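> Following this message is one structure expressed as structure tokens.
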Amino acid sequence: MKKIIVIAILLITIASVVFGFKTLQGKDFKKKKSFEINNIKEIEVDNENWDIEFKSTDANKIVISAQGQRVDKEIDPVEIEHEGNKVVIKQKQKVTRFFNGFTFRKKNSISIAIPKKKTDKIVLNNKSGDVKISDIVVKSIVTKGKSGDEMIVGLLADKGEFTSESGDLMLKDSSLQEVNITSTTGDNYVKNIKNENMNITSTSGEVLLKDMTEGKSLFVETKSGDIGVRYKGVPASLKLTAKSNSADIMVNLNGLKKDKNTEKIKEGTIGDAKNDVKILSKTGGIYID
């Protein structure tokens, strides 16, 4: 009799969990809107926790697609609004969690396809979620994230500002006149970027610049992360300062005339020193070649 009671209790428990799982799953959500590119100058995204993708399209319209799961059947998790010459995308639905954070959900994502004609401005406010940006042409792009990784490939912009509290940033194969990167804990990887002015500041986390071309100014500063800078070719006109309290600095640039060469600071010039490079770290190592 006791065995029968135990089995009955187990069956009821399993049924309750299955029912709860189905309830927490919610229903599928899909939304799609398009806008003529000539009528839109700015795109703004306010994201709670979905994945975001910006990509190029050969069409003459901006196409926004959102798909995932809704938790509340009465409320759309994503709203797409047209305000004058601006499109605003808002995602505010939080993830449903069960058993101390175990998540029952399909991948929730928002895709924004933009014609290759230059858009004036893109602004992304991202609390959580991964971000991918590929082959976008824009005058100004600003991304601010609390958590989540960000990958940017093939970006053509006059100015880019990328701020992250937690999460890695990869920026590669792009061209920007001005780049500003601010990071708290994530790593920053920059590869094959054509630019005039680049500023990177990081509290902790590695900063690695690879296949760099010489620009007017490059400033990189970390508190604890290592910094690596590798040029695609030999710089022709450079004023260099590399400084770290770690006493771990290695500079290997052909033609560099060293004005100061100690364990903690190295200074020198190449050519007529028109372009300025400052690489600073409190405790991290510095490697430049």
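What follows is calculated from the coordinates using simple rules that are stated; it is not laboratory data. In this text, all values refer to a predicted model and were calculated from it rather than measured experimentally. Backbone-built Cβ (ideal geometry, glycine too); neighbour counts: all protein chains shown.
> Using θ = phi - 60° and the Karplus form 6.51 cos²θ - 1.76 cosθ + 1.60, what ³J(HN,Hα) does each residue of the stretch 75-81 get, whole Hz, x for Gly and Pro?
Along the stretch 75-81, the couplings run 10, 6, x, 10, 10, 10, 10 Hz.
> From the square roots a ≥ b ≥ c of the eigenvalues of the alpha-carbon gyration tensor of the stretch 218-268, which class results: rounded (a/c under 1.5), prolate (a/b over b/c), or oblate?
oblate
> 5 Å is the cut-off here: which amide hydrogens, built 1.01 Å from N in the peptide plane, fall below it relative to Thr163, excluding neighbours closer than 5 in sequence?
The list, which skips near neighbours in sequence, is Thr143, Lys144, Gly145, Thr182.
> For the stretch 26-148, what does the relative contact order come out to in percent, with C-alpha contacts under 8 Å and a separation of six or more?
With pairs under 8 Å counted, the relative contact order is 36 percent.
> Do any trypsin sites (Lys or Arg not before Pro) in the stretch 211-241 lie in a loop, going by DSSP, with at most 15 other beta-carbon atoms within 10 Å of their beta carbon, and if so which?
Passing sites in the stretch 211-241 are Lys216, Lys223, Lys232.
> Could I ask something else about it? Starting at the first residue of the stretch 64-72, write each ³J(HN,Hα) from the Karplus equation 6.51 cos²θ - 1.76 cosθ + 1.60 with θ = phi - 60°, in whole Hz, x for Gly and Pro.
10, 10, 10, 8, x, 10, 9, 8, 9
> So what is the relative contact order for the stretch 167-289, in percent, with contacts set as C-alpha pairs under 8 Å and at least six apart?
23 percent
> Report the paramagnetic label zone for Ala59: residues of the stretch 104-145 whose backbone N is under 18 Å from a point 7 Å from Cα along the Cα-to-Cβ axis.
109-119, 134-137
> If you don't mind, another one. For the stretch 26-148, rounded, prolate or oblate, judged on the Cα gyration tensor with a ≥ b ≥ c (square roots of eigenvalues), a/c < 1.5 rounded, else prolate if a/b > b/c?
Prolate is the answer for the stretch 26-148, as a/c is 1.5 or above and a/b outweighs b/c.
> Count the net charge of all other residues whose Cβ sits under 11 Å from the Cβ of Leu256, scoring Lys and Arg as +1 and Asp and Glu as -1.
Every neighbour counted, the sum reads +1.
> Okay, moving on. Taking a temperature of 20 °C and a viscosity of 1.002 mPa s, what whole-number D in µm²/s does Stokes-Einstein yield for the stretch 192-289 with Rh from Kirkwood over alpha carbon pairs?
164 µm²/s
> Here's another thing I want to ask about it. List every residue whose amide H lies under 5 Å from the amide H of Val45, counting only residues 5 or more places away in sequence or on a different chain, with H placed 1.01 Å from N in the peptide plane.
Under 5 Å from the amide H of Val45: Ile89, Val123, Leu124, Asn125.
> Same structure, new question: Tell me the relative contact order for the chain as a rounded percent, counting alpha carbon contacts under 8 Å between residues six or more apart.
11 percent
> Separate question: Let's test the formula: R0 of 30 Å, r as the Cβ-Cβ distance of Arg230 and Asp46. What FRET efficiency results, to the nearest 0.05?
Efficiency for this residue pair is about 0.20.
> With θ taken as phi - 60° and the coefficients 6.51, -1.76 and 1.60, list the Karplus ³J(HN,Hα) couplings across the stretch 155-169 in order, rounded to whole Hz; mark glycine and proline as x.
Along the stretch 155-169, the couplings run 7, 10, 8, 6, 9, x, 10, 10, 10, 9, 8, 8, x, 8, 10 Hz.
> Still on this structure, I have one more. Can you give me the C-alpha center-to-center distance between the stretch 52-77 and the stretch 113-192, rounded to a whole angstrom?
For the stretch 52-77 versus the stretch 113-192, the Cα centre distance is 19 Å.
> Taking amide hydrogens as modeled 1.01 Å from N in the peptide plane, which residues meet the under 5 Å criterion relative to Asn192, leaving out close sequence neighbours?
Distant-sequence amide H within range of Asn192: Asp173, Lys210, Asp211, Met212.
> Which entry in (1) 64, 63, 43; (2) 57, 40, 38; (3) 88, 58, 24 matches Cα extents along the principal axes in Å derived from the coordinates of this structure?
(3)
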